[in-house]
Amino acid sequence: PLVLGIETSCDETGVALVRGDTLLFDAVASSMDEHARYGGIIPEVASRAHLEAMVPTIRRALGEADVDLSEVDAIAVTAGPGLVGPLTIGASAAKALSIGLGKPLYGVNHVIGHAAVNQLVDGPFPGRSMALVVSGGHSTLMLVEDVATKVTELGSTLDDAAGEAFDKVGRLLGLPYPGGPHIDRLARDGDPEAIRFPRGLTARKDQAKHAYDFSFSGLKTAVARWVEARQDAGQEIPLNDVAASFAAAVADVLTAKTIAACREHDVDTLVIGGGFSANSQLRDMAAERCAAAGIDLRIPPLRYCTDNGAMIAALGSSVVRAGVAPSDLDIPVDSSMPMAIVTV
Ligand code: ATP
Ligand code: MG
Ligand code: FE
């Protein structure tokens, strides 16, 4: 089946066409430039940008894929989690297409889409796999038994997401927003063992209750205190070493818990997705530790890691092929959609 996917959970308007596990075209328009000057996403600004970008982005995807709208077999759209205003714009566009074409509509989970997009690159998932989705809004570990029907959340962040923690530390180091990629760059020339920052939720007492949950706000505070103490003493801040030590702490906790979950659940394929999987420190540490543990690591190229329509079309394609019932035309968009729900 040919699936048209629409993504509008945050600041990217994404539209893609997928047939089976093949991506025909992925068109993305971003309103990030408009948000950068505010140092964060403004939901009203994002909603308006989605409204303006929607029809041109759909047209561009169809044109580049050389597909006529009448050839589309199903529409998939992000139902959540995400910002309610932006989600509603995407759901409305998808609903209009569904009614106009007389084709089924599927409201799907954005976070699971970040994992599903991998199938366009590395092929169908094996029977069972582990997925770690890390982005500006999420740090979620999931056991994927069937990406279209059976996903179980094993853990998630109790406070900041990994990308969010990077952005906050970026701000306190005086880096432009979003700080994540800047810290990554600085960290490459720093010593990851220069400063021993705390690893959240890895103490014995925390482990019992939060085996696969994450916490990054304590780490962010520890970096802030370390930097303040240096500044108070009138000392230079070794930006490269701070960035490298901080990035190492985040990558250490993410990979250690994820690999422990693979072992416990006897899974030997790990999929990493989400905008933060662009992070070099995480990529390097995951590659090293997965190789040592005999785990097949799948991380797609960067353009598939950030928010896009391909992830939604890919998940929609799996859902259609699994024979899942279409969604109600009035898709109930849900800002905090649980991982147990793949399709609304
Ligand atoms: P979500 O996907 O949860 O809705 P989002 O749109 O903010 O949220 P993405 O666009 O997928 O997420 O990812 C952006 C986040 O990833 C930002 O926090 C950004 O700083 C971070 N990020 C991007 N590249 C890197 C990098 N190389 N190193 C560290 N962080 C990075
Ligand atoms: Mg984004
Ligand atoms: Fe996302």
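Spin-label model, E34/D189: points 7 Å from Cα along the beta carbon direction are separated by 3.6 nm.
Modelled this way, with points 7 Å down the Cα-to-C-beta line, the labels at D268 and D122 are 1.4 nm from one another.
Taking θ as phi - 60° and the Karplus parameters 6.51, -1.76 and 1.60, the scalar couplings of region 164-181 work out to 4, 4, 4, 5, 5, 5, x, 5, 6, 8, x, 8, x, 8, x, x, x, x Hz in sequence order, x denoting glycine and proline. Normalising the average separation of contacting C-alpha pairs (under 8 angstrom, six or more residues apart) by the number of residues puts the relative contact order of region 115-261 at 23 percent. Relative to the current alpha-carbon distance between A208 and E71, full extension at 0.36 nm per residue lengthens the span by 44.1 nm. Sorting the segments 268-276, 97-105 by their residues' average number of neighbouring beta-carbon atoms within 10 angstrom, most packed first, yields 268-276, 97-105.
Taking the DSSP beta bridges with both ends in the chain, the antiparallel portion is around 60 percent.
Within 10 Å, count the other beta carbons around each residue, average over each peptide in 206-212, 28-34, and list them highest first. It would help to have the intermediate numbers written out before the result.
Details: 206-212: 13.9, 28-34: 16.6.
Put in order of decreasing packing, that is 28-34, 206-212.
Distance from the C-alpha centroid of region 4-72 to that of region 140-161: 25 Å, rounded to the whole angstrom. With the simple model of a label 7 Å out from the Cα in the direction of the Cβ, L51 to N240 spans 4.9 nm. Pairs of alpha-carbon atoms within less than 8 angstrom and 6+ residues apart define the contacts here; what relative contact order does region 58-126 have, in percent? Once normalised by length, the contact order is 33 percent.
What is the local net charge at T157, summed over the other residues whose Cβ is closer than 14 Å to its Cβ (Lys, Arg +1; Asp, Glu -1)? Numbers along the way, then the final one.
Working: positive: K168, R199, K220, K257; negative: E153, D159, D160, E164, D167, D206, D213.
Summing Lys and Arg as +1 and Asp and Glu as -1 gives -3.
FRET efficiency for the pair D284 and A325, taken as 1/(1 + (r/R0)^6) with r the Cβ-Cβ distance and R0 = 45 Å, rounds to 0.60. Report note on the peptides 284-293, 215-224: ranked by the mean count of other C-beta atoms within 10 Å, highest first, their order is 215-224, 284-293. Projecting the Cα atoms of A233, T255, A325 onto the charge dipole of region 214-344 (Cβ charges, centred on the Cα centre) puts T255 farthest toward the positive pole. As a proxy for reagent exposure, ranking E193, E236 by other Cβ atoms within 10 Å from fewest up yields E236, E193. Taking a straight line from the alpha carbon of K220, these lysines sit under 17 Å away, with near neighbours fewer than eight places off in the same chain left out: K168. Every helix of 4 or more DSSP H residues in the chain counts as -39500 (n - 2.57), and over all residues that averages to -14000 deg cm²/dmol at 222 nm.
Dipole check for the chain: with +1 at the C-beta of Lys and Arg, -1 at the C-beta of Asp and Glu, and the Cα centre as origin, the magnitude is about 440 Debye. Here region 97-183 is assigned +1 on the Cβ of each Lys and Arg and -1 on the Cβ of each Asp and Glu. Its dipole about the Cα centre then comes out at about 200 debye.
Contact order for region 1-98, expressed relative to its length and based on alpha carbon pairs under 8 Å spaced 6+ residues apart, stands at 37 percent.
A short reminder: the numbers here are calculations on the coordinates, not readings from a lab. The model shown is predicted, which means the values in this text are computed figures rather than measured ones. With ideal geometry, Cβ positions are generated from the backbone for all residues, glycine too; neighbour counts draw on all protein chains shown.
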